[in-house]
Amino acid sequence: QVQLVESGGGLVQAGGSLRLSCAASGSIFSINVMGWYRQAPGKQRELVAGITRGGRSNYADSVKGRFTISRDNAKNTVYLQMNSLKPEDTAVYYCLAVGSDDYWGQGTQVTVSS
């Protein structure tokens with residue numbers, strides 16, 4: 001089992017920045033890919049960014065150039081630096097860890113006001 005604890009969400013004005021963190025514990029040896037998804041009201045959950053243990057990352061087109069995912073394997077933590085935030089970035093952001101199974105965090109709300 002893997003437990004994920006997210007932090008860093010909040011309310012920010014358009015153009016502002018936030019940094020999300022997701023700390024993993026438990027059977028962390030099994031984790032390869034970690035990432036962030038988001039779900040806005042009335043919409044499906046969508047991939048924001050993912051990163052492998054080796055540091056290879058990928059991003060949704062909507063966040064490329066604005067968001068940066070990073071990972072500290074020593075701390076078993078993945079980060080999402082979000083810059084130039086837009087109102088359409090408003091959503092609940094979920095951390096995902098992929099290992100022997102898929103593990104999800106509880107979600108953290110990000111609200112961007114116009």
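The values are calculated or read from the model by the stated rules, or taken from the named source; none is laboratory data. On a predicted model such as this, the values are computed, not experimentally measured, just so you know. Cβ placement follows ideal geometry from the backbone for every residue including glycine, while neighbour counts extend to all protein chains displayed. SASA here: full protein model, heavy atoms, side chains in, ligands and nucleic acids out. Shrake-Rupley method; radii C 1.70, N 1.55, O 1.52, S 1.80 Å.
Worth a mention:
- Pair list, Cβ under 7 Å, 6 or more apart: region 95-114 residue touching a residue at least 60 places away in the same chain (Cβ under 8 Å) and assigned to a strand (DSSP E or B), other residue of a type in the set (D, E) and open to solvent by 30 Å² or more (accessible area, probe 1.4 Å): L96/D102
- Look at (1) exposed (fewer than 15 other Cβ atoms within 10 Å of the Cβ); (2) modelled with pLDDT of 95 or more; (3) part of a loop (DSSP other than H, G, I, E, B) and you find that G54 fails only one, number (2).
- Criterion violated by R53 - all others in (1) touching a Lys or Arg at 6+ places or on another chain (Cβ under 9 Å); (2) closer than 14 Å to Q3 by Cβ satisfied: (2)
- Selection from region 66-86 of residues that are in a strand (DSSP E or B) and either within 14 Å of E6 (Cα to Cα) or in contact (Cβ under 8 Å) with a residue 12 or more places away in the chain (or both): F67, T68, I69, S70, R71, T77, V78, Y79, L80, Q81, M82
Every residue, every condition in (1) at pLDDT below 95; (2) open to solvent by less than 30 Å² (accessible area, probe 1.4 Å), yes or no:
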position: D61; (1), (2): no, no
position: I69; (1), (2): no, yes
position: N73; (1), (2): yes, no
position: Y79; (1), (2): no, no
position: L85; (1), (2): no, yes
position: E88; (1), (2): no, no
position: W104; (1), (2): no, no
position: S113; (1), (2): no, no
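- When A40, A49 are checked against the criterion of being of a type in the set (G, A, S), farther than 12 Å from A97 by Cβ, surrounded by 15 or more Cβ atoms within 10 Å (Cβ to Cβ) and modelled with pLDDT of 95 or more, A49 stands alone in meeting it.
- Filter result for G16 (more than 13 Å from N73 (Cα to Cα), out of contact with any strand residue (DSSP E or B) (no Cβ under 7 Å at 6 or more places or on another chain), free of Cβ contacts under 8 Å to residues at least 40 places away in the same chain and not polar (S, T, N, Q)): no
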